[in-house]
Amino acid sequence: MRATTALLPLVLACTPARPPAAPSAAPAASAPPSRLAPLLASVDAARLRRDVDTLSAFGTRHTLSDGSHATRGIGAARRWILAEMQHAGEGTALRAELEVHTQSADGKRVPHDVELDDVVAVLPGAMPEAAARRYVVVGHYDSRTADVMDAAGDAPGANDDASGTAVVLELARVMARQRFDATLVFLATAGEEQGLYGAALHARAAKDAGLDVRAVLNDDIVGDPTDLAGAPHPGEIRVFSEGLPAAADGAAIAEIRKLAAESDSPSRELARFVADVAAEEHTAVQPHLVFRADRFLRGGDHLAFAALGVPAVRFTTPFEHYDRQHTPADVPAHVDASYLADVARLQAAVLARLANAPAPPEGARLVTAELANDTLVRWSACKEPDVAGYEVVWRDTTSPTWQRVADVGRALEARIPLSKDDRFFGVRAYDRDGNRSPVAFAKAAAQ
Ligand SMILES: [Zn+2]
């Protein structure tokens with residue numbers, strides 16, 4: 001306990017009062033100038049424009065459409081996406097391939113067994129201690145029209161979801177020119193409109209292979225920032241995240257109830273991380289966090305990952321144009337390439353931070369062995385060699401985002417002179433360059 005007691009003045013000195021809504025990012029005065037500026041500047045709106053136009057010009061990308069036609073249908077679309085991914089990888093470590101699956105008939109939106117192919121490109125991590133961690137950005141390249149079984153009618157799907165597919169392609173292009181500590185995965189899925197099948201098959205295969213997928217950013221309808229009156233809102237994107245994890249079993253639900261951790265799922269911490277990065281990098285598009293898994297009567301590929309316990313969030317525009325969704329009117333004219341580029345920049349920043357930061361500390365916990373009016377937080381050391389220290393964060397139980405932060409250096413425990421009864425606590429790690437991990441929510445333990 002001596003080390004902890006000695007830490008106390010430091011903890012107090014490092015906990016400036018902040019307005020309740022402030023993100024948990026470090027004070028700007030100590031933050032280095034952004035290292036990400038060149039990466040973000042390399043995102044190209046003109047390429048995004050061309051990608052959305054090209055994808056929409058395949059007429060339909062319906063999962064059950066003709067896979068062999070040269071210029072129309074899902075086969076032509078996936079061959080083009082694969083070629084673009086492979087082109088992005090030339091001269092880099094990025095490797096793209098077709099992930100071939102068979103989706104069996106489901107008696108609903110898949111009437112017969114169908115070949116269902118995802119396009120996936122992997123940029124391996126450059127740090128041995130971090131390379132096993134994977135961060136995925138996904139968009140679905142299939143489309144649909146009003147009748148979900150209509151495989152032939154025009155379904156340009158410009159916003160839904162050529163826009164998200166274009167973001168995935170552009171991120172592959174610009175991020176492949178650098179190396180990151182952890183592994184990045186750029187994924188274009190099929191079968192989303194038929195039941196999230198491409199994402200589910202990819203997620204299941206990754207889980208069966210023992211791959212360590214730490215976060216998924218789903219881009220689905222991300223190109224049109226206009227409201228229903230046509231006025232643009234280019235500074236905003238919604239970010240949906242689940243509270244109670246879909247994958248939580250009975251024991252996990254019981255623990256969540258005990259901790260009152262209904263709003264601290266890994267997906268929720270990922271959403272808060274997105275908000276922190278956006279605030280710190282001053283990105284043109286800022287996330288509007290929605291504490292809900294998805295919209296009513298709608299779903300998306302992030303849910304297929306969350307169902308298997310993988311932290312996942314959905315990015316989507318601030319307004320819903322239901323009159324155009326799933327109709328021939330979902331055309332490129334309603335995609336704002338400049339906005340789409342800003343959406344891609346936000347996610348480039350998030351992915352770069354995730355991949356370069358240490359992993360969230362394991363074993364973050366409050367020591368609740370005895371009644372006490374202060375809070376002892378403990379965690380395990382991260383294994384990345386560039387870890388420079390840890391921060392304890394906390395917030396009122398009624399606050400949606402982390403409010404206070406204490407830099408505790410390389411210590412593996414900290415005693416905060418505040419009651420654990422009235423607050424939530426978490427721990428994150430940072431590296432020598434100031435990259436912070438997402439927060440590991442502190443559970444409760446006897447020691
Ligand atoms: Zn969609």
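Take every DSSP beta bridge whose two residues both sit in the stretch 37-356, then give the antiparallel share in percent to the nearest 5.
Approximately 45 percent, going by the DSSP bridge assignments.
What is the spin-label model distance, in nm, from ALA146 to ASP113 if the labels are put 7 Å beyond Cα along the C-beta direction?
3.5 nm
What's the FRET efficiency of HIS87 with PHE291 using the Cβ-Cβ distance as r and R₀ = 45 Å, to the nearest 0.05?
0.70
Listing SER42, SER267 from the residue with the fewest other Cβ atoms within 10 Å to the one with the most, what is the order?
The order, fewest Cβ neighbours first, is SER42, SER267.
In deg cm²/dmol, rounded to 500, what helix-only [θ] at 222 nm does the chain give when every DSSP H run of at least 4 residues adds -39500 (n - 2.57) and the total is split over its residues?
-8500 deg cm²/dmol
Return the sequence-ordered ³J(HN,Hα) values of the stretch 342-352 in whole Hz as given by the Karplus equation 6.51 cos²θ - 1.76 cosθ + 1.60 applied to θ = phi - 60°, using x for Gly and Pro.
5, 4, 5, 5, 4, 6, 4, 5, 5, 5, 5
Going by the alpha-carbon gyration tensor, a ≥ b ≥ c the square roots of its eigenvalues, is the stretch 56-144 rounded (a/c under 1.5) or, if a/c is not under 1.5, prolate (a/b greater than b/c) versus oblate?
oblate
Once phi is turned into θ = phi - 60°, what whole-Hz ³J(HN,Hα) does the Karplus curve with 6.51, -1.76 and 1.60 give for every residue of the stretch 299-315, x standing for Gly and Pro?
Using θ = phi - 60°, the values come out as x, x, 4, 4, 5, 5, 6, 4, 4, 9, x, 8, x, 8, 10, 10, 9 Hz.
Between the stretch 392-423 and the stretch 81-133, how far is it from one alpha carbon centroid to the other, in angstrom?
40 Å
Order of THR145, THR316, THR189 from fewest to most other C-beta atoms within 10 Å?
THR145, THR316, THR189
If you scale each eigenvalue of the Cα gyration tensor by 5 and take the root, what three semi-axes come out for the stretch 37-356, rounded to whole angstrom and sorted largest first?
26, 23, 21
Taking amide hydrogens as modeled 1.01 Å from N in the peptide plane, which residues meet the under 5 Å criterion relative to GLY389, leaving out close sequence neighbours?
Distant-sequence amide H within range of GLY389: TYR430.
Taking 0.36 nm per residue of sequence separation and subtracting the Cα-Cα distance, how much length would be gained by fully extending the chain between ASP323 and LYS207, in nm to one decimal?
38.0 nm
Please arrange TRP394, TRP80 by how many other C-beta atoms lie within 10 Å of their C-beta, fewest to most.
Neighbour counts put them in this order, fewest first: TRP80, TRP394.
Just to verify a number: FRET efficiency for ALA333 and ALA126, C-beta to C-beta distance, R0 = 41 Å, to 0.05?
0.50
Could you give each residue of the stretch 251-262 its phi-based ³J(HN,Hα) in whole Hz, using Karplus coefficients 6.51, -1.76, 1.60 with θ = phi - 60°, and x for Gly or Pro?
3J(HN,Hα) across the stretch 251-262, in whole Hz: 5, 5, 4, 5, 5, 4, 4, 4, 7, 6, 9, 4.
Among HIS101, PRO361, MET85, which residue has its Cα furthest toward the positive end of the charge dipole of the chain, with +1 on Lys/Arg Cβ and -1 on Asp/Glu Cβ?
Checking the options against the dipole of the chain, the answer is PRO361.
Search the structure for amide H atoms under 5 Å from the amide H of ARG61, placed 1.01 Å from N in the peptide plane, and list their residues when 5 or more places away or on another chain.
The list, which skips near neighbours in sequence, is SER143, ALA155.
Throughout, read-outs are computed from the coordinates displayed, never taken from laboratory work. Model, not experiment: these values are computed from the prediction. In this analysis, Cβ positions are derived from the backbone assuming ideal geometry, glycine residues included, and neighbour counts consider all displayed protein chains.
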